[in-house]
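These notes are about the structure you will find just below.
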């Protein structure tokens, strides 16, 4: 986490959390979801505006984390902005050395490959569960045929509970009120 973010959190410790305003799609793209977008429906059916500014994307990536409840967020200075997830908290790209790189740039080593009923592939790593980017699915299929990773089938509807993340912190927050 950036030092400037830590300083802002210390200076303003009681800033309310933000829900529903940021989404992460299945290709690792961030979407800003204003009031009008949120009124049109839940993420990803109503995505919002694609974020494309390089420095903003890098700032989000450096300050992306999760809490003890499994809600992923972007720490924006003193404000925690919870992220709506289309598929998983991370999106992985395979690297030539066998590691995977998250949409945030962080590297990890796959521990297992999870496949859902639709054939989508996920990797479990020390950082958590992430969906394999659609451009790398063929490479994963080849790796599975070669026995590179243990494979397990898990229905998509059970991934969040099984791997400890909350796909929609906004809906979760509303349900708890």
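The values are calculated or read from the model by the stated rules, or taken from the named source; none is laboratory data. Worth saying up front: this structure is predicted, and the values here are computed from it rather than measured. Don't worry about glycine lacking a Cβ; one is built from the backbone with ideal geometry, like all the others, and counts go over all protein chains shown.
Pull up the range 72-88, narrow it to residues that are touching a helix residue (DSSP H, G or I) at 6+ places or on another chain (Cβ under 9 Å) and either free of Cβ contacts under 8 Å to residues at least 40 places away in the same chain or assigned to a loop (DSSP other than H, G, I, E, B) (or both), then point me to the one that is surrounded by the most Cβ atoms within 10 Å (Cβ to Cβ).
Filtering the range 72-88 for residues that are touching a helix residue (DSSP H, G or I) at 6+ places or on another chain (Cβ under 9 Å) and either free of Cβ contacts under 8 Å to residues at least 40 places away in the same chain or assigned to a loop (DSSP other than H, G, I, E, B) (or both), the one surrounded by the most Cβ atoms within 10 Å (Cβ to Cβ) comes out as 88.
Among the residues of the range 76-93, count how many are at pLDDT 95 or above, within 30 Å of residue 7 (Cβ to Cβ) and more than 12 Å from the chain's Cα centre (by Cα).
1
Residues checked against (1) under 30 Å from residue 16 (Cβ atoms); (2) in contact with a strand residue (DSSP E or B) (Cβ under 7 Å, 6 or more places away or on another chain):
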position	(1), (2)
77	yes, no
98	no, no
102	yes, yes
110	no, yes
114	no, yes
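Count, please, the residues in the range 33-49 that happen to be under 15 Å from the mean Cα position of the chain (by Cα) and either exposed (fewer than 15 other Cβ atoms within 10 Å of the Cβ) or in contact (Cβ under 8 Å) with a residue 60 or more places away in the chain (or both).
1
Pull out all pairs, ordered by first then second residue, where Cβ-Cβ is under 9 Å, the residues are six or more apart or on different chains, the first lies in the range 134-153 and is over 16 Å from residue 95 (Cβ atoms), and the second is surrounded by fewer than 12 Cβ atoms within 10 Å (Cβ to Cβ).
Hits for this filter: 150/111; 153/117.
Just one of 110, 96 is surrounded by 21 or more Cβ atoms within 10 Å (Cβ to Cβ) and either in a loop (DSSP other than H, G, I, E, B) or modelled with pLDDT under 95 (or both); which is it?
So the residue among 110, 96 that is surrounded by 21 or more Cβ atoms within 10 Å (Cβ to Cβ) and either in a loop (DSSP other than H, G, I, E, B) or modelled with pLDDT under 95 (or both) is 110.
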